[in-house]
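Enquirer: Structure incoming, see below.
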Amino acid sequence: MNGPAVRLTLFCALIASALVPSGDASACGGEEIMPAIDHRVMGVAQAEQALRDGRVAAAAGSVIRMFPEIRRISHDRDPLLNRAFRVLAVATARADGALKVRAELPRELLETWGGASAEERKANVDWSIRALRRLNEQRKNEPALQTDLGEALARAPEHRGEALQLLAGLAEKDLLASPEAYAALARLRALSGDSAGHDAAVGRCETMAKDTALCRTSRAIDPRPQS
């Protein structure tokens with residue numbers, strides 16, 4: 001290749017590289033090249049941060065906008081989607097099945113996430129439990145996921161026994177991963193009449209929580225399972 005040809009080739013390469021961000025790399029006859037960017041990667045990371053910050057509605061709304069069919073996906077091994085499942089399932093449990101996402105979502109995506117009725121709230125909590133059970137089956141013996149599952153189970157009266165056993169076992173090994181889980185354990189111990197255990201769980205919650213208000217529990221909780 002002679003000198004002029006080399007210079008022309010280099011010139012075209014420089015022009016193409018300069019124009020790729022704008023979506024036009026065909027100035028010298030080449031095919032258009034567009035970088036493949038999945039904005040959901042950053043979106044899921046932001047939703048995870050929102051959940052850690054206690055912004056439950058923002059976390060849930062973000063996931064539903066990115067994955068509007070997530071309720072109807074029964075199984076997936078994609079790591080990004082599974083992270084989205086976890087965020088939405090934990091957020092749903094913490095909201096007792098009534099996500100305040102009306103301002104976060106267009107009407108066509110709202111569906112029953114708002115939990116307008118007792119049936120919808122129970123269905124939402126049940127969905128969160130199923131999603132977290134599946135994640136635990138895929139990644140066994142992971143304390144963070146077991147913590148999430150125990151917290152969700154504690155929201156369903158018919159699963160309180162399982163929740164207490166799971167959360168208490170993790171707490172005994174100092175493996176409970178969130179203050180919300182310690183708050184759930186405190187409520188469960190109050191229901192079982194374990195005052196000392198309740199106070200201990202509240203104390204651990206308060207040492208972990210940014211906002212200790214979430215650690216406050218009521219001993220006057222209806223102990224009867226839902227019919």
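Enquirer: What are the residue pairs meeting all of these: first residue in region 137-154, first residue of a type in the set (Lys, Arg), second residue in a helix (DSSP H, G or I), Cβ atoms under 7 Å, and 6 or more apart or on different chains?
Expert: These pairs meet every condition: Arg139/Leu145.
Enquirer: Here is a check on your reading of the model: is Glu111 open to solvent by 30 Å² or more (accessible area, probe 1.4 Å), at pLDDT below 95 and among the acidic types (Asp, Glu)?
Expert: yes
Enquirer: Do we have Gly61 as of a type outside the set (Asp, Glu), at positive phi, surrounded by 11 or more Cβ atoms within 10 Å (Cβ to Cβ) and at pLDDT 90 or above here?
Expert: Here the answer is no, as Gly61 does not meet what is asked.
Enquirer: Ok, one more. Only one of (1) in a helix (DSSP H, G or I); (2) open to solvent by 50 Å² or more (accessible area, probe 1.4 Å); (3) out of contact with any Pro (no Cβ under 7 Å at 6 or more places or on another chain) fails for Glu158. Which number is that?
Expert: It is condition (3) that Glu158 fails.
Enquirer: Which count do you get for residues in region 163-186 that are open to solvent by 60 Å² or more (accessible area, probe 1.4 Å) and out of contact with any Pro (no Cβ under 7 Å at 6 or more places or on another chain)?
Expert: The qualifying residues number 4.
Enquirer: Residue check, Ala190 against (1) open to solvent by 10 Å² or more (accessible area, probe 1.4 Å); (2) under 19 Å from Ala93 (Cα atoms), all met but one. Which one?
Expert: Against the list (1) open to solvent by 10 Å² or more (accessible area, probe 1.4 Å); (2) under 19 Å from Ala93 (Cα atoms), Ala190 comes up short only on (2).
Enquirer: Working only within region 114-146, note down all residues that are at positive phi and exposed (fewer than 15 other Cβ atoms within 10 Å of the Cβ).
Expert: Scanning region 114-146 gives a single hit, Asn141.
Enquirer: Could you check, for region 138-151, whether at least one of its residues is at pLDDT 95 or above, small (Gly, Ala, Ser) and under 15 Å from the mean Cα position of the chain (by Cα)? Working first, answer last.
Expert: Filtering region 138-151 down to residues at pLDDT 95 or above leaves 142-151.
From the residues that got through so far, the ones that are small (Gly, Ala, Ser) too are 144, 150.
Adding the requirement that they be under 15 Å from the mean Cα position of the chain (by Cα) leaves 144, 150.
Yes.
Enquirer: State which residue is least open to solvent (accessible area, probe 1.4 Å) when the search covers only region 72-103 and only residues that are over 21 Å from His159 (Cα atoms) and charged (D, E, K, R).
Expert: Asp76
The values are calculated or read from the model by the stated rules, or taken from the named source; none is laboratory data. Computed from a prediction, not measured in an experiment: that's the story for all the values here. Every residue, glycine as well, gets a Cβ built from its backbone with ideal geometry; the counts of neighbours run over all protein chains shown. Protein only, heavy atoms only, side chains kept; ligands, DNA and RNA dropped before computing areas. Shrake-Rupley method; radii C 1.70, N 1.55, O 1.52, S 1.80 Å.
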